[in-house]
Amino acid sequence: MTHPAQPKASHFINGEYVEDTAGTPIPVIYAATGEQIATVHAATPAIVEQALSTAKAAQKEWAKMTGTERGRVLRRAADIMRARNHDLSVLETYDTGKPLQETLVADATSGADALEYFGGLAASLTGEHIPLGEDWVYTKREPLGMCVGIGAWNYPTQIACWKGAPALACGNSMVFKPSETTPLCALKVAEILIEAGAPAGVFNVVQGMGEVGGALVTDPRVDKVSLTGSVPTGKKVYAAAAAGMKHVTMELGGKSPLIIFDDADVDNAVGGAINGNFYSSGQVCSNGTRVFVQKGIKEKFLARLAERTGNAVIGDPMDEATSFGPMVTENQMNIVLGYIEKGKEEGARLICGGNRADKDGYFIEPTVFADVTDDMTIAREEIFGPVMSVLDFDTEEEVVARANDTEFGLSAGVFTKDFTRAHRVIGNLEAGSCFINSYNDAPVEAPFGGVKASGVGRENSKEAIKHFSQVKSVYVRMGDVEAAF
Ligand code: NDP
């Protein structure tokens, strides 16, 4: 019997599901059991061509519609997503393994927020009038054209919406390639947009590995590439886009600091560290994986952290009582287990976890290491799994310097009751998305993205509009033209 997660076909192009079984089969594995639940096929060159030529043709008509009309489509799509939240959340859980307890509140819902927010902005994307005596200049905010979105595997619905919603609001079209690991959810986003009234071809989904992503990024008809992925992939994609002078948004990895001063509320700080390390089993780019704790509260913090981490409910992600799910793939599980071994070998003190959980599927216990030093592998490299490193510090000056000593700069957080210090520390940290007495909140209203190797550009908020549109300026002369001859 066909599993309910099996899509009708692999790709969604020009308003309909499209199949080409000549493409390499991609098995979809449910991470909680290791069972194959669906198969899709990587896009063949013919499918890539179909998607690009369709999106190119559809963009012009879409851009001619008024912002109000485009916004209405996006807002209708948001309503449909919310009405189907339960089914979409179950699919997200099949795609990623993340517990339903999370997917019910964080995936289709945040995708719907993006559709609603950018749908609301679409009608307000206007230019300026710049008076110059009798003459004047006016500006227009115009779409970039055809955009390519490429997603990572941790938030397949959210990533498709965070890229698709602002792109479409500005009058662009998009070809979206999900990660080969999680190919299911973006198809539903495409289906819902059509149902909401989007013209066929405005948002298309093609499956495939890096090779398909590469074909999309290098096509001369593409005007912009927005990638969510790792730093090494980001460097490759950025270089390929630069060769074609394309616009880019790069949402890449991190090794973000979470700094806890000894005047902090310990339970809130522990809560922040848990949210910043164990949500989605640690597979979150902005995670605060270097937890710097001032020496005065170190042991109290570790004791409370171990106690609360012991309350994680690890198990069947479809059971709403489960609060901690598996790694997305066996490969990712093995990478993370490798880092845990490195942490042990390099002398970090294991506080809790440290093993594969005794279950089918790709579960790893939430793991905390203390006495981690700056040079240890687990403190330097992005692990993308449930491994928290706790490091000690004495002074503000010292911790800021150590926090910034990394190639990454996605996020940073600080817990303290001293608000002057909180703002001063955040001001001195090299990071794009920061938190005070909180961690990992990502409302659509706030800009999201990194500095240094963690990225280029911002997603969400009005900032995203700037990255999916360009300004045309028009000089209007009222008098005669003076010329030298
Ligand atoms: P990857 O960088 O491996 O892949 C990202 C996407 O790029 C995938 O769809 C991948 O395809 C595709 N891709 C790979 N090579 C190329 C290429 N040469 N040209 C075009 N596309 C290519 O990342 P993961 O999927 O492993 O995701 C984890 C990473 O994503 C982590 O580093 C994490 O920090 C980052 N991330 C960043 C976020 C942010 O907003 N800053 C949010 C979430 C994750 P395929 O995998 O199918 O081969």
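The values are calculated or read from the model by the stated rules, or taken from the named source; none is laboratory data. On a predicted model such as this, the values are computed, not experimentally measured, just so you know. Here the Cβ is made from the backbone with ideal geometry for all residues, glycine too, and neighbour counts use every protein chain on show.
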Go through (1) at pLDDT below 95; (2) touching a Gly at 6+ places or on another chain (Cβ under 8 Å) and name the single condition residue 142 misses.
-> (1)
Looking at residue 242, is it more than 8 Å from the ligand (Cβ to nearest atom), out of contact with any Ser or Thr (no Cβ under 9 Å at 6 or more places or on another chain) and without any contact (Cβ under 8 Å) to a residue 24 or more places away in the chain?
-> yes
Filter region 330-352 for residues that are assigned to a loop (DSSP other than H, G, I, E, B) and surrounded by fewer than 18 Cβ atoms within 10 Å (Cβ to Cβ); which is farthest from the chain's Cα centre (by Cα)?
-> 347
For residue 162, are the conditions met, namely being more than 20 Å from residue 332 (Cβ to Cβ), among the aromatic types (Phe, Trp, Tyr) and away from the ligand (no atom under 16 Å from the Cβ)?
-> no
Somewhere in region 180-190, is a residue within 8 Å of the ligand (Cβ to nearest atom) and of a type outside the set (Asp, Glu)?
-> yes
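Matching residues to (1) of a type outside the set (D, E, K, R); (2) within 27 Å of the chain's Cα centre (by Cα):
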position	(1), (2)
295	no, no
361	yes, yes
370	yes, no
373	yes, no
Go through 266, 225 for me and flag whichever is away from the ligand (no atom under 16 Å from the Cβ) and either of a type in the set (Val, Ile, Thr) or without any contact (Cβ under 8 Å) to a residue 60 or more places away in the chain (or both).
-> 266
Condition met for residue 453 (part of a loop (DSSP other than H, G, I, E, B) and either over 15 Å from the mean Cα position of the chain (by Cα) or touching a residue at least 60 places away in the same chain (Cβ under 8 Å) (or both)) | no
Hey, among 372, 390, 400, which residue is in a strand (DSSP E or B) and within 22 Å of residue 259 (Cα to Cα)?
-> 390
Could you name every one of the strands (runs of 3 or more DSSP E) located completely within region 2-73 that has at least 2 residues being buried (at least 18 other Cβ atoms within 10 Å of the Cβ) and modelled with pLDDT of 95 or more?
-> 11-13, 25-30, 35-41
Please list, ordered by first then second residue, the pairs with beta carbon atoms under 6 Å, 6 or more apart or interchain, first in region 310-331 and polar (S, T, N, Q), second assigned to a loop (DSSP other than H, G, I, E, B).
-> 322/99; 322/313; 322/315; 322/316; 323/312; 323/313; 329/181
So is residue 446 loosely packed, with under 15 Cβ neighbours inside 10 Å and within 14 Å of the ligand (Cβ to nearest atom) or not?
-> yes
Look at region 99-155 and say how many of its residues are buried (at least 22 other Cβ atoms within 10 Å of the Cβ) and among the polar types (S, T, N, Q).
-> 2
Residue that is farthest from residue 374 (Cα to Cα), among those in region 389-436 that are loosely packed, with under 14 Cβ neighbours inside 10 Å and among the hydrophobic types (A, V, I, L, M, F, W, C) | 419
Kindly indicate the residue of region 214-264 that is out of contact with any helix residue (DSSP H, G or I) (no Cβ under 9 Å at 6 or more places or on another chain) and within 28 Å of residue 428 (Cα to Cα) and also surrounded by the most Cβ atoms within 10 Å (Cβ to Cβ) among those meeting that condition.
-> 238
